[in-house]
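To start, the structure under review is shown below, and the notes come after it.
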Amino acid sequence: MTTDTDATNPETELTADGPAGTRRTADADRPGGSARPRLTRRTAAGAAAGLAGIVLLVLLPLLNLSLPGVLPGPTYTPGSLQLLAMCMLMAAAALTYHLLLGVAGLLSFGHALYFGAGVYGLAIILQNLDLPLLPAMGLTLLIVIVLAHVVGSISLRVSGIPFAMVTLAFAQAGSVVVGRNPEGSTGGDEGLTLRTDNLPDFLVGVVNTRNLYWLALAVLVGVFIVVTWVQSSRAGHVAAAVRENELRVRVLGLQPYLVKLLIFVVSAVLVSIIGMVFLLLQSGAVPRAISADLTITLLVMVVLGGVGSRWGAVIGGVFYTILDQRLTTLANSDAIDALPDILRIPLSEPLFILGTLFILVVLFLPGGITGTAQRLAQRRTRRGGEAGGSSAGGPAPGGQSTASSREILEESA
């Protein structure tokens, strides 16, 4: 379709290749047009860096690396692999919440319902049915899909704070059911122990923590790929448009309700898969897996990393999980016990420290970790462009560099 801009652009009349060729010429002549090759190189470099990072993570259990204060021991030990696997699962769970909040703009307080459904659903099925692991996971997924459709179809009739309250009500109902322990199926406050009779031997026992680590890494990579695909698909673009202006999307003849329901169900299914792997990693189900606290934790992870950024969700999940685990160890250390009461009392509460950190990030780093890094990169690029423009005798190169970096950063985010 030819726009008014194309019709009135003088370059259209001067180009023999027609509108398509004109567009290419105009893009090349614009200040930001020359950024396309660099954008391609930057994307390729990012993909290569991501692949190298995945290879490093795959080899990590085979290496003898130590991070004092971060990991409890070398990277090949079960304790460190357990913590790293937990970081990956929480990062993946934060990615699924990014689908809701960052892509569709849905503030849900009940996302833990589907995580808990994956944890308890698989535990109950393995406990009561003589099924191997994969069929049991398939049956659990079927239950979660039905549950997500029912809850989503009801919750999405409203929006904003009412939507958050309805999802919270459903999650609290699930938490009450788990706590009531109907017919001894959920274990109540004590939770359920994982039955290992029908599990593969390579997933059972402390000696196989390495295999569970690799499984958690595969889940994180798979969730990242699915979230990226959904976000870049037509449904993802419509969901982003709904987040910005739902009325305008309705005027265009699209159906925001169905798109939001699709995003809701996809995020629920993904987080339920993470819950199943969490069950294998923890060798049991605990009530916190379905509590509202977990949903709040995922929200904090996304905000810490940067709302709207996939890498922000991953970084926020890893950062929060390591802090949560290591601050608990620090709170019980002798160094904290030796402090005066005015310091010992707050520092002995990990949630106090995490809450303070969250407040500081919201006040001083509104874009989260990734947003702050992008602003610093833009500022550095802008200064470099201004320096290049002044040395070349004109401001044009500086403006071109700034526009190119802005496009690259927005694309990578």
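Determine which residues of region 170-209 fall in the zone a paramagnetic label at D130 would reach in this model, i.e. backbone nitrogen under 16 Å from the point 7 Å along Cα→Cβ. In region 170-209, the label zone of D130 (backbone N under 16 Å from the point 7 Å along Cα→Cβ) covers 196-199.
Note on T356 and L142: the extension gain reaches 73.0 nm, defined as 0.36 nm multiplied by sequence separation minus the Cα-Cα distance. On a per residue basis, region 84-220 carries 42 Å² of accessible surface, using protein heavy atoms and a 1.4 Å probe.
In a fully extended conformation the segment linking Q378 and L51 would gain 115.2 nm over its present Cα-Cα distance, using 0.36 nm per residue. Once divided by 2.2 N^0.38 Å, the Cα radius of gyration of region 106-174 becomes 1.24.
The fraction of accessible area contributed by carbon and sulfur in region 136-251 is 63 percent, rounded to a whole number (1.4 Å probe; ligands and nucleic acids excluded). FRET efficiency for the pair V58 and T228, taken as 1/(1 + (r/R0)^6) with r the Cβ-Cβ distance and R0 = 25 Å, rounds to 0.80. Relative to the current alpha-carbon distance between E386 and T329, full extension at 0.36 nm per residue lengthens the span by 15.7 nm.
The values are calculated or read from the model by the stated rules, or taken from the named source; none is laboratory data. Please read all numbers here as calculations on a predicted model, not as lab measurements. Because the Cβ atoms are built from the backbone with ideal geometry, glycine has one as well, and the counts that use them run over all protein chains shown. Just so you know, the surface numbers come from the protein's heavy atoms only, side chains and all, with ligands and any DNA or RNA stripped out. Shrake-Rupley method; radii C 1.70, N 1.55, O 1.52, S 1.80 Å.
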